[in-house]
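Structure record follows, encoded as structure tokens.
Each reported figure results from applying straightforward, stated rules to the coordinates on display, with no laboratory input. The structure displayed is predicted, hence computed values, not measured ones. All Cβ positions, even for glycine, are placed from backbone atoms using ideal geometry, and neighbour counts span all protein chains on display.
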């Protein structure tokens with residue numbers, strides 16, 4: 001009998017902060033601007049402020065880099081941009097990826113359990129030696145307030161229309177690595193500092 005086994009599969013990271021986000025009411029009042037199908041915060045570096053969940057996100061992100069991407073001690077994950085996404089009833093997020101980032105994440109400030117989700121897409125038809133109509137695989141991950149999802153930034157993802165009356169609020173962010181990469185002898189040495 002034939003077995004299918006993964007070769008270096010991508011993994012998404014999941015962690016749970018808790019159902020109470022004490023800054024939720026404040027986050028609702030921040031200045032917003034229109035996005036394609038919803039609204040986002042004008043400030044694109046919201047994690048520069050000391051929210052109660054900031055260290056939880058940073059620790060989880062570092063753990064993901066270590067476990068999924070096998071980074072070494074000479075490099076450090078840095079959140080480069082972060083913003084809140086606000087979605088009212090009938091609003092959604094289109095399919096997209098995050099450029100200029102290695103790992104991205106979504107932290108749920110206000111999500112309705114058994115209603116909200118994030119959908120990941122794995123394209124199986126990027127290259128086909130023979131075109132036999134390959135398809136996309138989709139993984140739907142149910143989410144609730146306090147959930148954190150981490151994933152490689154080249155992973156396409158979206159969420160469907162919000163069906164409940166309560167505003168869905170999430171924090172999205174991108175990250176990169178800073179530190180020392182490569183070697184002097186291998187002519188690959190790079191010292192990178194994110195400002």
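Structure data summary
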{"read-out": "Rh by Kirkwood over Cα pairs, then Stokes-Einstein D for region 19-75 at 0.692 mPa s and 37 °C, µm²/s", "value": "236"}
{"read-out": "Approximate shape of region 47-130 as ellipsoid semi-axes (Cα gyration tensor, √5λ), whole Å, largest first", "value": "25, 24, 12"}
{"read-out": "Sequence ranges 29-42, 69-82, ranked by mean other-Cβ count within 10 angstrom, highest first", "value": "69-82, 29-42"}
{"read-out": "Calculated [θ] (222 nm, deg cm²/dmol) that DSSP helices of n ≥ 4 give over the chain, each run adding -39,500 (n - 2.57)", "value": "-3000 deg cm²/dmol"}
{"read-out": "Per-selection Kirkwood Rh - the chain (Cα, Å, 1 d.p.)", "value": "18.3"}
{"read-out": "Whole-number D in µm² s⁻¹ for region 1-103, Kirkwood Cα-pair radius fed into Stokes-Einstein, 20 °C, 1.002 mPa s", "value": "129"}
{"read-out": "Which of 194, 102, 21 has the fewest Cβ neighbours within 10 Å, and the rest in rising order", "value": "194, 102, 21"}
{"read-out": "Protection-proxy order for peptides 176-184, 85-93, each taking the mean of Cβ atoms within 10 Å per residue, highest first", "value": "85-93, 176-184"}
